[in-house]
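What follows is one structure encoded as structure tokens, with my remarks underneath.
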């Protein structure tokens with residue numbers, strides 16, 4: 001009975017996580033007329049990092065935060081910050097529905113980096129399903145891009161291709177972020193690791209806001225604008241990650257990662273109702289192919305055999321697999 005209750009709670013947490021991460025691109029798109037990307041990043045991420053202060057205080061009381069953890073968090077934080085920079089720029093060039101599908105490409109970058117760093121990941125090269133999944137993700141990405149250009153028309157094509165390059169950079173850095181989390185923080189509680197990384201990322205987003213942000217627009221924001229800023233922060237960065245890790249604990253990483261591939265469809269449906277964004281048949285087809293390919297890559301990925309030398313081996317029952325880090329990547 002207790003086991004069934006845990007599964008139900010895990011399923012509800014997973015559905016909540018999918019909704020949280022599905023709605024964020026729509027909210028960010030709504031903010032584009034009133035605030036620039038640098039200022040939005042500079043406000044949203046530190047606000048989310050602030051929410052983790054009570055947890056950091058608790059972890060510190062348990063003696064789980066030391067100089068070694070802080071040093072090891074710098075590389076994941078660097079990749080997360082770079083990914084966040086391009087994630088913040090994307091809504092100013094692309095529809096929300098496109099962002100949701102394009103970010104799935106981060107899995108390709110992550111798998112490439114993982115094969116360089118982890119021996120167990122290279123076993124994918126011997127699996128035919130890996131090539132099927134890779135072909136579907138890349139092919140779906142290209143087909144979706146062509147469908148997006150058709151939907152926008154020639155006048156907006158140049159803007160679309162700039163947005164596509166932005167999302168490629170975003171996917172690259174978020175993919176590297178997921179791999180670096182496994183490499184440097186595999187023995188660290190996932191929530192603690194993200195809480196620490198988010199503090200460093202906040203320093204980066206505040207710095208870029210001070211350098212390039214147009215903070216003169218902030219006094220002009222009305223209550224609904226601030227509500228969108230706060231909700232995108234809490235749903236995308238704070239609650240989304242907590243719900244994801246709760247789901248992983250109750251349901252397992254594979255189920256959690258598999259269901260999360262539905263997130264772009266949630267974004268697309270919400271964008272239809274809220275923003276009036278409609279995708280054509282080519283986009284739906286390309287998006288479905290991308291998600292199917294990502295799902296194949298998830299179920300094909302081998303379990304880690306060993307942790308890298310830079311991090312002590314962790315109990316295999318609690319080791320955070322790469323697909324969990326990938327789930328967190330790109331949801332800001």
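A few comments on the model shown:
- Pick from region 273-283, criterion part of a helix (DSSP H, G or I) and in contact (Cβ under 8 Å) with a residue 40 or more places away in the chain, ranking: nearest to residue 254 (Cα to Cα): 283
- Residue satisfying all of: in region 278-296; surrounded by fewer than 20 Cβ atoms within 10 Å (Cβ to Cβ) and more than 18 Å from residue 133 (Cβ to Cβ); nearest to the chain's Cα centre (by Cα) among these: 284
- For region 93-116, the condition of being within 19 Å of residue 177 (Cα to Cα) and exposed (fewer than 15 other Cβ atoms within 10 Å of the Cβ) holds for at least one residue.
- Given (1) over 17 Å from residue 89 (Cα atoms); (2) modelled with pLDDT of 90 or more; (3) exposed (fewer than 15 other Cβ atoms within 10 Å of the Cβ), number of the condition residue 193 does not satisfy: (3)
- Hey, residue 54 exposed (fewer than 14 other Cβ atoms within 10 Å of the Cβ) and within 19 Å of residue 188 (Cβ to Cβ) or not: yes
- Some residue of region 131-141 being assigned to a helix (DSSP H, G or I), under 24 Å from the mean Cα position of the chain (by Cα) and closer than 28 Å to residue 276 by Cβ: yes
The values are calculated or read from the model by the stated rules, or taken from the named source; none is laboratory data. This one's a predicted model, so the numbers in the text were calculated from it and none came from an experiment. Neighbour counts are summed over all protein chains in view; Cβ atoms, including those assigned to glycine, are modelled from backbone coordinates with ideal geometry.
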